[in-house]
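The values are calculated or read from the model by the stated rules, or taken from the named source; none is laboratory data. Just so it is clear, the structure is predicted and the values come from calculations on it, not from any experiment. All Cβ positions, even for glycine, are placed from backbone atoms using ideal geometry, and neighbour counts span all protein chains on display.
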Amino acid sequence: MTTIDDAGNAVRLEQSARRIVSLTPHLTELAFEAGAGAHVIGAAAHSDFPPQATAIARIGDAHALDLERIVALRPDLILAWASGSPKRALGRLRAMGYPVFLHEPYRLEDIASAIERLGALAGTSTVARNQAQRFRERLSALRDAAAGQPPVRVFYQVWGRPLLTVSSDHVIADALATCGARNIFASQGARLPQPSREAVVLADPDVIVVAAAAGDAQALEAWRRWPRLRAVRRDHLYTVDPSLMHRHSARVLDGVSQLCGHIGRSARDR
């Protein structure tokens, strides 16, 4: 069986994958969503969803993979994040002959497509197609709910030190568009631009969204020090759960739902 990964590579297997190693937590989730969770025999650190994933053998993390451990597990398929998995380690695994599926979503729809392709590789296409269809239906409902509301200019903070945001070429940018937001740094060349705080103040967004755990009172304090910001004056400062928004699995739509709720309230309050 053959499918094309997100880097355009053909991934060929002689039979359905039965020994899968996942190199990032979000790919572990995608494997479960595709119906292949029972076949994941190695997973990266912090693979904690669904709960069954916590029992899977660990093979390192995004910064350092245990190649000896991976080889000992005798995988027939390796799932990797194109921009996040260690490239040197991936090169060595490929050189040893292991099939590698590279995941790199740019739009929310790409997540549904990845679920279907992983299901094809694992022989679980029926489960995967159903999950992908549910994802697409929910995504469509979120877009429909935001349609027609006044546009809101948003700054989305991925990280605080250094300050990171997203350009138009990112899944989170698609999430912002889904919710009817205009990303103030959409035109930046890098996928994860590093603007100065002064640049954010100069852009003066209607809304500031910070990726931080719910109840993290400190997450928004850095922006409250700039009272002349429109978002601060109108109290349009919000957080979204990074474990949802920054893990590009089906659960991202739970994060998008949070995001759309914040943006919708701000649009109505203009």
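The residue that is nearest to Thr28 (Cα to Cα), counting only those in the stretch 210-253 that are more than 10 Å from the chain's Cα centre (by Cα) and of a type in the set (Lys, Arg), is Arg224. Gln52 passes every criterion in (1) under 22 Å from Leu253 (Cβ atoms); (2) among the polar types (S, T, N, Q); (3) in a loop (DSSP other than H, G, I, E, B) apart from (3).
The single condition among (1) under 15 Å from Tyr106 (Cα atoms); (2) touching a His at 6+ places or on another chain (Cβ under 9 Å) that Ala250 does not meet is (2). Taking each residue of the stretch 222-240 that is closer than 13 Å to Val154 by Cβ and in contact (Cβ under 8 Å) with a residue 12 or more places away in the chain and looking for partners that are of a type in the set (S, T, N, Q) and not in a loop (DSSP other than H, G, I, E, B) with beta-carbon atoms closer than 6 Å, six or more apart or interchain, yields His236/Ser266; Val240/Gln258.
Of note, Ala177 satisfies the criterion of being assigned by TED's automatic domain parsing to the domain that holds Trp226, over 30 Å from Pro99 (Cβ atoms), in contact with a Ser or Thr (Cβ under 9 Å, 6 or more places away or on another chain) and surrounded by 15 or more Cβ atoms within 10 Å (Cβ to Cβ). Among the residues of the stretch 25-50, those identified as within 19 Å of the chain's Cα centre (by Cα), more than 21 Å from Asp110 (Cβ to Cβ) and surrounded by fewer than 24 Cβ atoms within 10 Å (Cβ to Cβ) are Ala45, His46, Asp48, Pro50.
Selection of the stretch 231-270 for residues being of a type in the set (D, E, K, R), surrounded by 14 or more Cβ atoms within 10 Å (Cβ to Cβ) and in a helix (DSSP H, G or I) yields only Asp254.
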